[in-house]
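Peer 1: Please find one structure pasted underneath; my questions will follow.
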Amino acid sequence: MSKTNLEFKTEVKQLLDLMIHSLYSHKEIFIREIVSNASDAIDKARYESLTNSALLEGDKDWKIKITTDIEAGTITISDNGIGMTRDEIVSSLGTIAHSGTKEFLAALQTKEVKENPELIGQFGVGFYSSFMVADKVTVLTRKAGTEKSSATKWESAADGFYTVEDAEKEGKGTDVTLHLKEDEKTYLKEWEIKSVVTKYSDYIEHPIVMDVEREKDSEIKDGEKVKVIEEETLNSQKAIWLKDKSDIKKEEYNEFYKHISHDYTDPAQVIHFKAEGTSEFSALLYVPSNVPMDIFYKEYKMGPTLYVRRVQIMDHCEQLIPRYLRFIKGVVDSSDLPLNVSREILQSNRQVDIINKSITKKVLGTLTDMKKNDSEGYLKFYKEFGKILKEGIHFDAGRQEAISELLFFQSINKADGAYISLQQYVDAMPEGQEDIYYITGTSYDQVKTSPYLEAFKEKGYNVLVMLDEVDDFIVGGLQYKEKKFKSATKGDITLDKGNETEKKEAEEKYQALIELIKDQLKEEVKDVRLSGRLKDTACCLVGDEGDLDPQMEKMFKAMGQNVPVNKRILEINAAHPIFNSMKNLFEKEKNSASLKEYITLLYDQALLLEGSKIKDPAAFASAVTRLMVREVDKAAG
Ligand code: ADP
């Protein structure tokens with residue numbers, strides 16, 4: 001195929017534009033980005049060659065080589081990794097492939113970044129960062145295991161277009177050549193390259209080499225020391241996770257995190273440990289600072305990268321961690337697993353189970369320490385990842401206790417919406433309170449004025465506010481310090497045990513009226529009874545203890561699930577004057593049409609209060625207006 005001129009996708013153009021015009025001072029990170037791609041390409045080749053040795057082409061001497069050409073003003077970073085076909089290079093270097101592209105570009109457009117170009121270095125800017133220092137970039141690449149004549153040359157001057165043409169290449173892999181801008185020639189200098197490589201890419205497992213000229217002390221010719229060219233390895237190559245903790249600086253940990261996660265912010269926690277005994281492995285894990293954009297998508301790939309004795313086996317090994325810790329990033333390097341493990345083998349492997357258990361324990365332990373020693377940092381973490389972590393209450397019964405210590409909730413006693421732990425809740429329980437009360441909802445403001453809370457407020461009982469969809473699942477089976485969780489909107493709540501006689505009297509007084517209401521609403525509700533939770537509001541709808549919340553019911557229906565029809569219970573407040581008036585009217589005129597209308601109105605109000613829709617809004621509106629007319633007429637005389 002001949003040379004073709006192609007246009008970059010819009011988002012690449014935008015990114016390139018930013019790269020070229022950025023005033024960013026740490027332009028040297030382009031080396032980190034290209035070296036990182038080269039290292040990934042070698043990992044892929046090495047892994048695929050385990051099952052297809054033809055890919056090796058007889059060359060197992062994995063390395064990344066940096067060469068410079070002073071006269072041409074170019075720096076080239078070469079790898080003998082997997083390489084790319086023509087199609088692959090067009091799709092990889094003509095678009096931005098990684099997830100979260102839109103968000104990434106949006107972030108680059110923010111005022112904050114524009115005014116402070118230093119910030120762009122935090123982003124995983126990838127291959128395109130080469131255009132910060134180069135006015136032209138040439139990529140020569142050949143897929144491992146293909147003919148020497150089937151290579152591809154890609155070239156662009158970042159003017160919106162790039163060319164691809166067929167080419168020849170002796171070795172497999174990729175050469176990325178940067179034609180440096182006039183004022184960026186510093187990257188031709190040996191010491192500059194060395195310092196950048198050691199700063200950003202020291203942990204890269206493959207040797208990053210460069211030819212350097214050395215004087216040989218032992219050989220003198222014509223009175224001068226003989227100069228020889230030697231290949232020197234610039235990086236220490238020690239896989240960072242295998243190093244001693246005390247030898248690793250925080251920046252190094254953070255750099256490595258960014259390398260593996262494509263996140264641009266520093267992690268919130270680093271968890272680095274070695275396990276010995278029944279299973280031998282090293283793990284370097286990170287708790288990110290922010291929820292990755294894609295974590296709630298189905299396509300999200302969870303799990304640390306799995307290595308076996310330093311050979312990368314797979315990118316995301318989900319068997320290594322439980323789903324409720326899926327936000328954890330990092331690497332695990334096992335000494336016990338066979339090199340040829342497949343995803344299928346991993347599913348039922350004892351070693352993997354042991355690693356999983358040990359990581360889970362370690363992560364939960366780290367979070368517990370974090371909560372103890374850095375409560376502010378922990379809360380920040382919790383607000384980001386709490387709703388994922390909570391799933392563990394349901395799915396990891398054995399660790400329920402440990403996980404419940406990590407939970408925080410807002411509550412009605414903290415008007416500013418501050419979070420409290422379950423321990424804090426229990427510690428503040430007044431005498432006489434036996435259970436932990438909670439209310440679910442969609443926002444703190446909506447919930448905190450809920451009529452269901454009237455009696456609790458009066459008694460001084462705190463009620464936890466649960467706003468996450470998973471909350472309803474988890475409290476079902478949860479106990480904390482042998483205390484049960486009770487919904488403020490479900491079951492028969494009697495906070496005042498002493499008032500039994502009062503309650504009996506009221507029941508007798510309203511029995512006939514309650515029967516009438518029951519009869520009229522028999523299609524809608526399963527029971528009508530006096531309420532122990534209301535103080536000011538006339539009535540409300542509640543469920544039995546095991547019933548689904550109306551919000552949950554809606555959610556399940558939206559998910560297309562079959563939800564059994566579950567009638568609610570109407571609770572009426574005997575202390576509210578409306579019932580006394582209705583009772584009087586009932587005694588005077590058993591078949592009163594107004595009474596019927598009031599019952600419907602009360603039921604509709606109760607529906608509105610719980611956030612449900614009323615059956616006939618038009619009838620509701622006209623009934624309310626009719627009542628208003630009566631009131632207004634009365635007021636006007
Ligand atoms: P990222 O590395 O975040 O995916 P880049 O823009 O740096 O983004 O690279 C895009 C893609 O180009 C890579 O995902 C990879 O598929 C391909 N690529 C880049 N460099 C190389 C290389 N040296 N060898 C093989 N493929 C490469």
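The values are calculated or read from the model by the stated rules, or taken from the named source; none is laboratory data. Every value quoted in this text rests on a predicted model; they were computed, and no experiment measured them. Counting neighbours? That spans all protein chains shown, and the Cβs are built from the backbone with ideal geometry, glycine included.
Peer 1: Looking only at the range 471-491, which residues are among the charged types (D, E, K, R) and either at pLDDT below 85 or over 28 Å from the mean Cα position of the chain (by Cα) (or both)?
Peer 2: 472, 481, 482, 483, 484, 486, 490
Peer 1: Out of curiosity, is residue 20 buried (at least 20 other Cβ atoms within 10 Å of the Cβ) and within 16 Å of the ligand (Cβ to nearest atom)?
Peer 2: When the stated conditions are applied, residue 20 does not pass them.
Peer 1: Here is a list of conditions, (1) more than 16 Å from the ligand (Cβ to nearest atom); (2) within 15 Å of residue 205 (Cα to Cα); (3) surrounded by 15 or more Cβ atoms within 10 Å (Cβ to Cβ), and residue 310 meets all of them except one; can you say which number that is?
Peer 2: Failing condition for residue 310: (3).
Peer 1: Working only within the range 138-162, note down all residues that are within 14 Å of the ligand (Cβ to nearest atom) and surrounded by fewer than 17 Cβ atoms within 10 Å (Cβ to Cβ).
Peer 2: Selection gives 146 alone.
Peer 1: Which one is surrounded by the most Cβ atoms within 10 Å (Cβ to Cβ), of the residues in the range 123-137 that are away from the ligand (no atom under 14 Å from the Cβ) and not charged (D, E, K, R)?
Peer 2: Only one residue tops the list, namely 134.
Peer 1: Related question: Pull out all pairs, ordered by first then second residue, where Cβ-Cβ is under 6 Å, the residues are six or more apart or on different chains, the first lies in the range 24-41 and is of a type in the set (Val, Ile, Thr), and the second is near the ligand (Cβ under 7 Å from one of its atoms).
Peer 2: Here the result reads 34/176, each pair linking the range 24-41 to a residue that is near the ligand (Cβ under 7 Å from one of its atoms).
Peer 1: If the requirement is being at pLDDT 85 or above, touching a helix residue (DSSP H, G or I) at 6+ places or on another chain (Cβ under 7 Å), among the β-branched types (Val, Ile, Thr) and in a helix (DSSP H, G or I), which of these qualifies: 20, 31, 42?
Peer 2: 31
Peer 1: Just one of 578, 572 is of a type in the set (Val, Ile, Thr), touching a residue at least 40 places away in the same chain (Cβ under 8 Å) and surrounded by 15 or more Cβ atoms within 10 Å (Cβ to Cβ); which is it?
Peer 2: Sole residue among the options that is of a type in the set (Val, Ile, Thr), touching a residue at least 40 places away in the same chain (Cβ under 8 Å) and surrounded by 15 or more Cβ atoms within 10 Å (Cβ to Cβ): 572.
For (1) over 25 Å from residue 190 (Cα atoms); (2) among the aromatic types (Phe, Trp, Tyr); (3) surrounded by fewer than 17 Cβ atoms within 10 Å (Cβ to Cβ), each residue gets a yes or a no:
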| site | (1), (2), (3) |
| --- | --- |
| 227 | no, no, yes |
| 238 | no, no, yes |
| 247 | yes, no, yes |
| 258 | yes, no, no |
| 267 | yes, no, no |
| 274 | yes, no, yes |
| 278 | yes, no, yes |
| 282 | yes, no, no |
| 293 | yes, no, yes |
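Peer 1: Having 2 or more residues that are within 19 Å of residue 549 (Cα to Cα) and of a type outside the set (S, T, N, Q) is the bar; report the strands (runs of 3 or more DSSP E) wholly within the range 361-476 that clear it.
Peer 2: 436-440, 463-466
Peer 1: Taking the residues in the range 223-268 that are closer than 17 Å to residue 305 by Cβ and among the hydrophobic types (A, V, I, L, M, F, W, C) as candidates, determine which candidate is modelled with the highest pLDDT.
Peer 2: 241
Peer 1: Just one of (1) at pLDDT 85 or above; (2) among the hydrophobic types (A, V, I, L, M, F, W, C); (3) touching a helix residue (DSSP H, G or I) at 6+ places or on another chain (Cβ under 8 Å) trips up residue 495, so point out which.
Peer 2: All conditions are met except number (1).
Peer 1: Still on this structure: Could you figure out which of (1) under 30 Å from residue 11 (Cα atoms); (2) more than 41 Å from the chain's Cα centre (by Cα); (3) part of a helix (DSSP H, G or I) isn't true of residue 149?
Peer 2: (1)
Peer 1: Would it be correct to say that residue 188 is in contact with a Phe, Trp or Tyr (Cβ under 7 Å, 6 or more places away or on another chain) and more than 16 Å from the ligand (Cβ to nearest atom)?
Peer 2: no
Peer 1: Go through the range 172-191 and give me each residue that's under 19 Å from residue 231 (Cα atoms) and surrounded by fewer than 16 Cβ atoms within 10 Å (Cβ to Cβ).
Peer 2: Across the range 172-191, the qualifying residues are 189, 190, 191.
Peer 1: If a residue has to be on the phi > 0 side of the Ramachandran plot and among the aliphatic types (A, V, I, L, M) to count, how many in the range 228-256 make the cut?
Peer 2: Summing the residues that are on the phi > 0 side of the Ramachandran plot and among the aliphatic types (A, V, I, L, M) in the range 228-256 gives 0.
Peer 1: Same structure, new question: Among (1) under 20 Å from residue 603 (Cα atoms); (2) crowded, with 16+ Cβ neighbours inside 10 Å, where does residue 449 come up short?
Peer 2: Of everything listed in (1) under 20 Å from residue 603 (Cα atoms); (2) crowded, with 16+ Cβ neighbours inside 10 Å, residue 449 misses just condition (2).
Peer 1: Quick check on the range 554-566. Is at least one of its residues more than 19 Å from residue 496 (Cα to Cα), touching a helix residue (DSSP H, G or I) at 6+ places or on another chain (Cβ under 6 Å), exposed (fewer than 15 other Cβ atoms within 10 Å of the Cβ) and of a type outside the set (Ser, Thr, Tyr)?
Peer 2: Yes.
Peer 1: Return the residue satisfying two criteria in turn: it lies in the range 49-94 and is surrounded by fewer than 19 Cβ atoms within 10 Å (Cβ to Cβ), acidic (Asp, Glu) and within 20 Å of residue 208 (Cβ to Cβ), and of such residues it is farthest from the ligand (Cβ to nearest atom).
Peer 2: Result: 69.
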